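To keep things clear, I will list the structure first and then write my remarks on it.
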């Protein structure tokens, strides 16, 4: 039995859609432990903001470097191009954070932390809009948690440790279940 | 890859996917392994080398149809 060009095109379309779905699930699986890791980092980082505010900058610098290296190690099973994009994404994030910092001039630790959290939320939301839909919901949830915490929560750092860090961990588990 | 994961990727029902896999296993295109994780049964499926070659041949066949080439089905 031979196929018509229309049937062949439909079959190829279906193959491509299945390939995309498969790829998405693989990326969700790879992203899950990274999100859980950052959830733990947020809990430790924001808790230290609340308890030892003097050392907040040092603690966050150490945690961020550790987190970036650990995330890279977790994702290094991917192809070299993907790893390069990972490093480039970090470079963009740091450029934006340290570039926007002096312009927006956040006065307090909470303002700086909220700015960083909003940038992370934006990165997730954009990833979700263009490619992996679950990241959009993660990004939006992070926006909501950060803004609500900043404007309404009496203890912003503890709020971010529990709701932000805990939310990232839950998000990681949600990606794992995809 | 586990059966449940494959099911969500190809968006098929248990019965439908199971039926296709049995056929593919008979012709040697996939290998199916069943075991238990604790008390929970687990089915894992892997594409064989012959299966991969057959798939690539099929995709090439579909593309050739679109290109208007004179092709014959496998």
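The values are calculated or read from the model by the stated rules, or taken from the named source; none is laboratory data. As the structure is a computational prediction, the values presented were derived from the model and not from experiment. All Cβ positions, even for glycine, are placed from backbone atoms using ideal geometry, and neighbour counts span all protein chains on display.
Per-structure values
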| item | result |
| --- | --- |
| Residue A:57 within 9 Å of chain B (Cβ to nearest Cβ) and farther than 30 Å from residue B:4 by Cβ | no |
| Lone unmet requirement of (1) at pLDDT 90 or above; (2) surrounded by 14 or more Cβ atoms within 10 Å (Cβ to Cβ) for residue A:27 | (1) |
| Residue match in the stretch B:28-48 (condition: within 17 Å of residue A:19 (Cα to Cα) and surrounded by 14 or more Cβ atoms within 10 Å (Cβ to Cβ)) | yes |
| Helices (runs of 4 or more DSSP H) enclosed by the stretch A:117-178 - at least 3 residues per element that are under 23 Å from residue A:91 (Cα atoms) | A:133-152 |
| Exclusive hit being buried (at least 18 other Cβ atoms within 10 Å of the Cβ) and either under 21 Å from residue A:169 (Cβ atoms) or in contact (Cβ under 8 Å) with a residue 12 or more places away in the chain (or both), set A:46, A:97 | A:46 |
| Cβ pairs under 6 Å, 6+ apart, first in the stretch A:1-25 and closer than 12 Å to residue B:64 by Cβ and at the interface with chain B (Cβ under 8 Å from one of its Cβ atoms), second modelled with pLDDT of 85 or more and assigned to a helix (DSSP H, G or I) | A:3/B:65; A:5/B:65; A:5/B:66; A:8/B:62; A:8/B:65; A:8/B:66; A:12/B:62 |
| Helices (runs of 4 or more DSSP H) wholly inside chain B that include at least 1 residues being within 11 Å of another protein chain (Cβ to nearest Cβ) and closer than 27 Å to residue A:176 by Cβ | B:3-10 |
